[in-house]
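The values are calculated or read from the model by the stated rules, or taken from the named source; none is laboratory data. Bear in mind that the values here come from a model prediction, so they are computed numbers and not experimental data. For neighbour counting, all protein chains shown are included, and Cβ atoms are generated from backbone atoms with ideal geometry for every residue, glycine included.
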Amino acid sequence: MPKYSALMLAGDGIGPEVMREVKKVIAWFSQNTKVQIEIDEDLVGGASYDKHGTPLHDHTLEKAKNTDFILLGAVGAPKYDELPFEIKPERGLLKLRKELDLFANLRPAQCFDALADYSSLKKEFIAGLDIMIVRELTSGVYFGEPRGITVDEEGNRIGINTQRYTTHEIRRVARAAFELAKKRNNNVCSMEKANVMESGVLWREEVQHVHDEEYPEVQLSHMYADAGAMQLVRAPKQFDVIVTDNLFGDILSDAAAMLTGSLGMLPSASLGSPSKKGIPKALYEPVHGSAPDITGQGKANPSACILSFAMALKYSLDCTTEAAMLETAVQKTLAKGIRTPDLFQGQGKKPVSTSIMGDAIINELNILAC
Ligand code: IPM
Ligand code: MG
């Protein structure tokens, strides 16, 4: 098996804490399996701003373009709130997504049995839940022009953002969703607001077109995004793959994430088109963000970041067995009641720290490898 390169961008807040545990996991795989990964580390977000005055330095972007995959921790912290838009920590992440053309953002919302009690919904609604949200990530209102804040003749300030999608952008993310559905339960639900937005009408038509031309065997339905949000909390198990635009995907994926009990459990993959090597450009990151309220306290749950690495094993390295092994190790750790404070409910035991949680997952890997 070839040696792969990974660029690790731990970023801000709890990013470096959870990434430390991923490093241990990668070292374990290097020692015990055929998976060989060479890690380079660099700065992104506020950490990069503090050193270089920009949330993503050109040399980091260059490295990102040339690595096999990127692992990112989190970006952002309250101390950067007053910075101008162009240099906010979040811009570093958005620039990476855009420059690498990582158009398909995969956000699984899976409920592990051991955590079914942590959801805000009743257990029967979420036990066994397994949804994949495919969010378009490089277009839509996040990037559309014109944008900005202007002033009209009467002195009213006007905030402008533009929702804009092309046929090409919609079709390629739709294909990503249909391909995933074929390996799952063969069911795609596309969400937009075709009742009020022209871009939504185009979205619906183009997704339907890709379906009819290329994936007639996959079941396709359409929902308005507001109704989709309602259905997500009413009966989430009706969904298999959801495909939606950048902004609706941002919102719906946070809602879906919380169905599973904790944001601290959820990984994501952002994929582009396949490179010369045949593997897609890819960035893997936990969904949870920088969590300034618990930064530096050893309370962060490293599972989401570790599970993001499992997605890298699956989608970048094509090591599905190893990915499944890592997922099982996380599940077994939780099932034993070893948990960080986000997933802890008394029961006479104490919650464990980020690093003990990482060690426990590695311990399970050792058991599974025997
Ligand atoms: C996400 C985040 C980002 C987004 C922020 C940090 C720019 O909320 O990945 O969901 O809005 O896309
Ligand atoms: Mg978000």
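Can you confirm whether Ile26 is more than 23 Å from Leu56 (Cα to Cα) and part of a strand (DSSP E or B)? The answer is no for Ile26. Checking the structure you have, find out if any residue of region 284-299 is farther than 20 Å from Leu259 by Cβ, surrounded by 24 or more Cβ atoms within 10 Å (Cβ to Cβ) and away from ligand 2 (no atom under 16 Å from the Cβ). Among the residues of region 284-299, not one is farther than 20 Å from Leu259 by Cβ, surrounded by 24 or more Cβ atoms within 10 Å (Cβ to Cβ) and away from ligand 2 (no atom under 16 Å from the Cβ), which makes the answer no. One residue stands out among those in region 203-254 that are polar (S, T, N, Q), within 16 Å of ligand 2 (Cβ to nearest atom) and assigned to a helix (DSSP H, G or I): the one that is surrounded by the most Cβ atoms within 10 Å (Cβ to Cβ), which is Ser253. Please work out if Val218 is at pLDDT 95 or above, more than 30 Å from Gly15 (Cβ to Cβ), out of contact with any His (no Cβ under 9 Å at 6 or more places or on another chain) and of a type in the set (A, V, I, L, M, F, W, C). Answer is no for this residue.
Restricting attention to region 255-309, and to residues there that are part of a strand (DSSP E or B) and touching a Gly at 6+ places or on another chain (Cβ under 8 Å), which single residue is nearest to ligand 1 (Cβ to nearest atom)? By that ranking, first place goes to Glu285. Screening Val141 against (1) at pLDDT 95 or above; (2) over 27 Å from Val243 (Cα atoms); (3) among the hydrophobic types (A, V, I, L, M, F, W, C); (4) assigned to a helix (DSSP H, G or I) leaves a single unmet condition, (2).
Taking the conditions exactly as written (more than 16 Å from ligand 1 (Cβ to nearest atom) and crowded, with 17+ Cβ neighbours inside 10 Å), does Leu43 satisfy them or not? Yes; evaluated as a whole, the condition is true for this residue.
Could you please let me know if Lys332 is farther than 30 Å from His168 by Cβ, surrounded by fewer than 22 Cβ atoms within 10 Å (Cβ to Cβ), at pLDDT below 95 and among the charged types (D, E, K, R)? For Lys332, the condition - farther than 30 Å from His168 by Cβ, surrounded by fewer than 22 Cβ atoms within 10 Å (Cβ to Cβ), at pLDDT below 95 and among the charged types (D, E, K, R) - is not met. So for region 297-309 (the condition being modelled with pLDDT under 95 and of a type outside the set (Ser, Thr, Tyr)), does at least one residue qualify? No, that holds for no residue.
Taking region 241-254 as the range and being in contact with a strand residue (DSSP E or B) (Cβ under 8 Å, 6 or more places away or on another chain), within 13 Å of ligand 1 (Cβ to nearest atom) and not charged (D, E, K, R) as the test, the residues that pass are Thr244, Asn246, Phe248, Gly249, Leu252, Ser253.
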